[in-house]
Amino acid sequence: MITVEEAKTIVEDKVIPTSQVENRSLQKALNSILAENVHAQINMPPFPQSAMDGYAVNYSGKDYDIELIGEVSAGSAQKFFLEPNQAVRIFTGAEVPSTANMVVRQEDVSVVNKTIKVHVVPGELANIRPVGEQIKKQNLALPVGHRLNEASIGFLASIGVETVSVYKQPKIVVIATGNELALPGQVLKPGQVYDSNSLMLQTALANKGFTNCTIIKIEDCYSTTVNTISEALSHYDLIIGSGGISVGDYDFIGKALEANKVTSHFYKVKQKPGKPLYFGQKNQTYVFGLPGNPAACLTCFYIYVLPFLNKWAGGTYTGLTEFTGYLKKEYTRRGDRAHFLKGKVVNSEIEILDGQSSAMLQSYAFANAIIYVPLQKSHLFAGDAVKYFAI
Ligand code: AMP
Ligand code: MG
């Protein structure tokens, strides 16, 4: 059995990022990774822009009354030529006349008829956002490999981008195994439990930007499993098995992968939960066999599948973000496996939650952290600095 660290390294080494790219509208590009540099096609701002509601003034340096000759609001195309000691009323976002040398805040001005008095002179070019202050035309807006978050989408929209060239979405199939699985909405028959993993994995994938996911539910039957995997190998980039990967008589995923000549990169990891984790590959299709116990399934998704997908899709091999916190109560790791624990972090204080069983999701629903207790640590003391992954 290999360690968590070895398993992670194997996944990282084996994943070959896709080279397929596609154009996607900005509306549908959240979490995608840019396949080419994006250069600005305009200056932003495109014109000298007022940063304040106030008065754009051609201020000559003396304390004259200043003549007010008009008004420019945001979106107005009207141009004004200001002689020395002339001003226009101006509003945030409006184009500043080219001969204005400052925008004075309205709070610092008093207005009498068509003249203004400036009480506080803010200084040369104050409150004027110069053309291209944020980015100049032709300059690099966002680089290849950048993951488009919400701000990226807004920024690209602000420079007029409509579509982006991004790495294609992986086609993913979740094969949920189990004779015992019923669907929410159905009445449970004796011996049945509801299928939580399919929807949980599909949701977790979508939440990370991987929306192209099909679910196939199969019974614990050797030939069905062989055929389903055979089909899936020719249609999908990633197969995620749920359950059926352990050593029971009704666990057929491993045997069916073998029958389909899928190469195993590893099977079984010294970790709790998630010992029977499988990772393999046939040609360009990768396979994760996740344990059926729901909490184990989700933890293996976060720790192994997520960084895999991020790298596959053109990004870096990173999953959940790691932070350091301080343990509220001591913890003893028993056995010879590393532990992943459901935790709750508040103001850097880490609480290890009750309900650590790999079958239990309720505690996971309240968790905002996964605490990793490596093999090298068998006891953690209250107050110890501990790394955790933020969910
Ligand atoms: P397995 O890995 O197939 O041996 O399943 C281990 C445990 O997880 C069993 O108690 C299963 O009933 C349960 N399990 C397997 N798949 C699912 C699923 N999709 N949803 C909920 N529980 C599951
Ligand atoms: Mg099973």
Exercise for the section: Quick one: which residue in VAL166, VAL173 is open to solvent by less than 50 Å² (accessible area, probe 1.4 Å), in contact with a Lys or Arg (Cβ under 8 Å, 6 or more places away or on another chain) and more than 16 Å from ligand 2 (Cβ to nearest atom)? Expected result: VAL166
Practice task
Give me the pairs, please: first residue somewhere in segment 154-180 and over 20 Å from GLN281 (Cβ atoms) and without any contact (Cβ under 8 Å) to a residue 60 or more places away in the chain, second residue anywhere and within 16 Å of ligand 1 (Cβ to nearest atom) and of a type outside the set (A, V, I, L, M, F, W, C), beta-carbon distance under 8 Å, and either six or more positions apart or on two chains.
Solution key: GLU180/GLY191; GLU180/GLN192
Fill in the blank from the handout: The lone condition VAL262 fails out of (1) within 14 Å of ligand 1 (Cβ to nearest atom); (2) of a type in the set (Val, Ile, Thr); (3) open to solvent by less than 50 Å² (accessible area, probe 1.4 Å) is (1)
Practice task
Please work out if GLY145 is in contact with a strand residue (DSSP E or B) (Cβ under 8 Å, 6 or more places away or on another chain), touching a residue at least 12 places away in the same chain (Cβ under 8 Å) and assigned to a loop (DSSP other than H, G, I, E, B).
Solution key: yes
Handout entry: Search result, residues across segment 265-279 that are away from ligand 2 (no atom under 16 Å from the Cβ), open to solvent by 10 Å² or more (accessible area, probe 1.4 Å) and closer than 17 Å to VAL373 by Cβ
Key = LYS270, LYS272
Exercise for the section: Within segment 280-289, identify whether any single residue is farther than 24 Å from LEU181 by Cα, within 26 Å of the chain's Cα centre (by Cα), in contact (Cβ under 8 Å) with a residue 24 or more places away in the chain and surrounded by 24 or more Cβ atoms within 10 Å (Cβ to Cβ), and answer yes or no. Expected result: yes
Exercise for the section: Run LYS189 past the list (1) free of Cβ contacts under 8 Å to residues at least 60 places away in the same chain; (2) in a loop (DSSP other than H, G, I, E, B); (3) open to solvent by less than 60 Å² (accessible area, probe 1.4 Å) and report the number of the one that doesn't hold. Expected result: (3)
Problem - segment 218-260: number of residues that are more than 12 Å from ligand 2 (Cβ to nearest atom) and not in a helix (DSSP H, G or I) - result: 6
Exercise for the section: Would you check if GLU22 is over 30 Å from GLY93 (Cα atoms) and in contact with a strand residue (DSSP E or B) (Cβ under 7 Å, 6 or more places away or on another chain)? Expected result: yes
Problem - Count - residues of segment 265-293 that are closer than 17 Å to VAL174 by Cβ and more than 10 Å from ligand 1 (Cβ to nearest atom) - result: 9
Completion exercise
Of (1) away from ligand 1 (no atom under 13 Å from the Cβ); (2) under 30 Å from ARG24 (Cα atoms), LEU201 fails just (1)
Problem - Scope segment 204-233; condition open to solvent by 80 Å² or more (accessible area, probe 1.4 Å) and either in contact (Cβ under 8 Å) with a residue 24 or more places away in the chain or within 16 Å of ligand 1 (Cβ to nearest atom) (or both); matching residues - result: THR211, LYS217, GLU219, TYR222
Handout entry: Identity of the residue in segment 321-356, open to solvent by 50 Å² or more (accessible area, probe 1.4 Å) and closer than 23 Å to LEU306 by Cα, that ends up nearest to the chain's Cα centre (by Cα)
Key = THR321
Exercise for the section: Filter segment 361-390 down to residues that are closer than 30 Å to ASP195 by Cα and either surrounded by 20 or more Cβ atoms within 10 Å (Cβ to Cβ) or touching a helix residue (DSSP H, G or I) at 6+ places or on another chain (Cβ under 9 Å) (or both), then give me how many there are. Expected result: 11
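The values are calculated or read from the model by the stated rules, or taken from the named source; none is laboratory data. Computed from a prediction, not measured in an experiment: that's the story for all the values here. Glycine gets a Cβ as well: all are built from the backbone with ideal geometry, and neighbour counts include every protein chain shown. Accessible surface is based on the protein model in full, side chains and every heavy atom, while ligands, DNA and RNA are left aside. Shrake-Rupley method; radii C 1.70, N 1.55, O 1.52, S 1.80 Å.
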